[in-house]
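Structure, as structure tokens:
The values are calculated or read from the model by the stated rules, or taken from the named source; none is laboratory data. Being a predicted model, the structure only gives us computed values, none of them experimental. Virtual Cβ from ideal backbone geometry, glycine too; neighbours counted across all protein chains shown.
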Amino acid sequence: MSSLAAELAALEAEGLRRRRRILETPQRARVTVDGRDYVAFCSNDYLGLAAHPDLVAAACAGAATYGIGAGASHLILGHARPHHDLERALACFADLPAALYFSSGYMANLGLVTALSARGDAVFADRLNHASLNDAALLSRADFKRYAHCDMGALERQLSATRAKRKVIVSDAVFSMDGDIAPVAALAELAERYDAWLVLDDAHGFGVLGANGRGVLEHTGVRSPRIAYMATLGKAAGVSGAFVAGEPDLIETLVQRARTYVYTTASPPLLACALQKSLELIESERWRRDRLAKLIAALKAGLRGCAARLLPSDTPIQPLVIGGSVEAVAVSEQLAARGLLVPAIRPPTVPRGTARLRVSLSADHRIEDVERLAAALESIERGA
């Protein structure tokens, strides 16, 4: 036990120890945490749907009809009518032939990548990919190759040199800590040229990107039967879970081989009921994406004179690079003292020397919230 205590103490000294806050209200822009009221800029509820009354009503109706728990895995007797209907709706929404619903984005990525690759294969990954994609590649036992962030030249050199039986390119669509969008068209072209699968993790683009919120494929206009498209449903969709969409053979392969789908109890059917309502709102209430665009523009304008570096991003993820972990935590704590919650993101989530404040915007925010945040950051920089 003493070695564990020493490791925890080292994390504390480096400003890397994490602590959980206790949320006492629904997930909104205005929350009560640990008994105090805040404006929160730390949620992935990009469209402000997590507490929407229509979703709550749909979940309650689902619970009344199907109960609380699924009671079994999908392949035994846990695959309820709402799961089936949701998968059809997700495939239609994503404009892809078929879809499969997973309990979480982490499970979807693990199941997808390990079903597509094994020993003798090769997985090619952007260096800034989410941890779930990296863990999936390691678990697959395939040759794991990482290329410099969005460097298509480096990726092509790796693809041309490999002798792997099957090649799988994996990339975030929107990078979760930088907020930039992957070069999807170039990735798809390389996948075609080198006979590879392309796994796109659109956790932070689904619901946000594209005229109808259908995600990065709608945003870029890219289509390919080589794409295995993954998106999460606990962020912009406001509920829980994830899905993979693509060609029917891909989805059937996952049903048969994705261990994180086969060997786990299905999610409660009531969540699938809520998600069907969420898809309707994402498509019909475009004003939510319009408001996000205005909030992003207002934040950029407000932080134009800030000494800290705001990374280029046109998504709700707006990272403000501070540098040192201790310094980033200090700024986060000063903002909290002013009633503003902005998380400090530190290594190993981001590279050393690039600790940052990760500002997450939601359609539930107001312009005055963003202006208040920018003014607070300016005040902290002045030492006021």
Going through segment 150-161 in order, the residues found to be in a helix (DSSP H, G or I), free of Cβ contacts under 8 Å to residues at least 12 places away in the same chain and surrounded by fewer than 16 Cβ atoms within 10 Å (Cβ to Cβ) are Gly153, Arg157, Ala161
Ala173 being crowded, with 22+ Cβ neighbours inside 10 Å, of a type in the set (Gly, Ala, Ser) and either out of contact with any strand residue (DSSP E or B) (no Cβ under 7 Å at 6 or more places or on another chain) or under 30 Å from Ala80 (Cβ atoms) (or both): yes
Out of contact with any Pro (no Cβ under 9 Å at 6 or more places or on another chain) and hydroxyl-bearing (Ser, Thr, Tyr), is that true of Tyr38? yes
Meets criteria (of a type outside the set (Asp, Glu) and within 13 Å of the chain's Cα centre (by Cα)) for Gly105: yes
Could you look through segment 356-384, keep only residues that are free of Cβ contacts under 8 Å to residues at least 60 places away in the same chain and not in a helix (DSSP H, G or I), and pick out the one that is farthest from Ala131 (Cα to Cα)? Ala384
Kindly indicate whether any position in segment 162-181 is of a type in the set (A, V, I, L, M, F, W, C), over 13 Å from the mean Cα position of the chain (by Cα), outside any strand (DSSP E or B) and closer than 23 Å to Arg288 by Cα. no
Subset of segment 206-231, residues closer than 15 Å to Ile181 by Cα, in contact with a helix residue (DSSP H, G or I) (Cβ under 7 Å, 6 or more places away or on another chain), without any contact (Cβ under 8 Å) to a residue 60 or more places away in the chain and of a type in the set (Gly, Ala, Ser), comes to Gly210
Go through (1) part of a strand (DSSP E or B); (2) crowded, with 18+ Cβ neighbours inside 10 Å and name the single condition Phe93 misses. (1)
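Per-residue answers, yes or no, for (1) hydrophobic (A, V, I, L, M, F, W, C); (2) more than 21 Å from Ala231 (Cβ to Cβ); (3) touching a residue at least 24 places away in the same chain (Cβ under 8 Å):
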| site | (1), (2), (3) |
| --- | --- |
| Ala115 | yes, no, yes |
| Ala122 | yes, yes, yes |
| Ala137 | yes, no, yes |
| Ala148 | yes, yes, no |
| Arg163 | no, yes, no |
| Val168 | yes, no, yes |
| Ala182 | yes, no, yes |
Yes/no for Ala50 being out of contact with any helix residue (DSSP H, G or I) (no Cβ under 9 Å at 6 or more places or on another chain), small (Gly, Ala, Ser) and either part of a loop (DSSP other than H, G, I, E, B) or surrounded by 13 or more Cβ atoms within 10 Å (Cβ to Cβ) (or both): yes
Only one of Arg28, Arg17 is in a loop (DSSP other than H, G, I, E, B), surrounded by 13 or more Cβ atoms within 10 Å (Cβ to Cβ) and without any contact (Cβ under 8 Å) to a residue 24 or more places away in the chain, namely Arg17
Which residues, counting only those in segment 302-326, are without any contact (Cβ under 8 Å) to a residue 40 or more places away in the chain and either aliphatic (A, V, I, L, M) or farther than 19 Å from Ser379 by Cβ (or both)? Leu310, Val321, Ile322, Gly323
Exactly one of these conditions fails for Ala203: (1) in contact (Cβ under 8 Å) with a residue 60 or more places away in the chain; (2) out of contact with any helix residue (DSSP H, G or I) (no Cβ under 7 Å at 6 or more places or on another chain); (3) crowded, with 24+ Cβ neighbours inside 10 Å. Give me its number. (2)
Can you name every residue in segment 301-320 that is within 23 Å of Arg289 (Cα to Cα) and aliphatic (A, V, I, L, M)? Ala301, Leu303, Leu310, Leu311, Ile317, Leu320
Mind listing just one residue for me: the one in segment 58-73 that is in contact with a helix residue (DSSP H, G or I) (Cβ under 6 Å, 6 or more places away or on another chain) and of a type in the set (A, V, I, L, M) and, of those, surrounded by the most Cβ atoms within 10 Å (Cβ to Cβ)? Ala70
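Give Asp54, Asp45, Asp37 a once-over and let me know the one that is over 29 Å from Val174 (Cα atoms) and of a type outside the set (Ser, Thr, Tyr).
Asp37
With respect to Leu270, determine if the residue is at pLDDT 95 or above, more than 21 Å from the chain's Cα centre (by Cα) and not in a loop (DSSP other than H, G, I, E, B). Show your work before the answer.
Numbers: at pLDDT 95 or above: yes; more than 21 Å from the chain's Cα centre (by Cα): yes; not in a loop (DSSP other than H, G, I, E, B): yes.
Judged against the criteria, Leu270 is a match.
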Before we move on, is Gly324 touching a strand residue (DSSP E or B) at 6+ places or on another chain (Cβ under 7 Å), surrounded by 15 or more Cβ atoms within 10 Å (Cβ to Cβ) and small (Gly, Ala, Ser)? yes
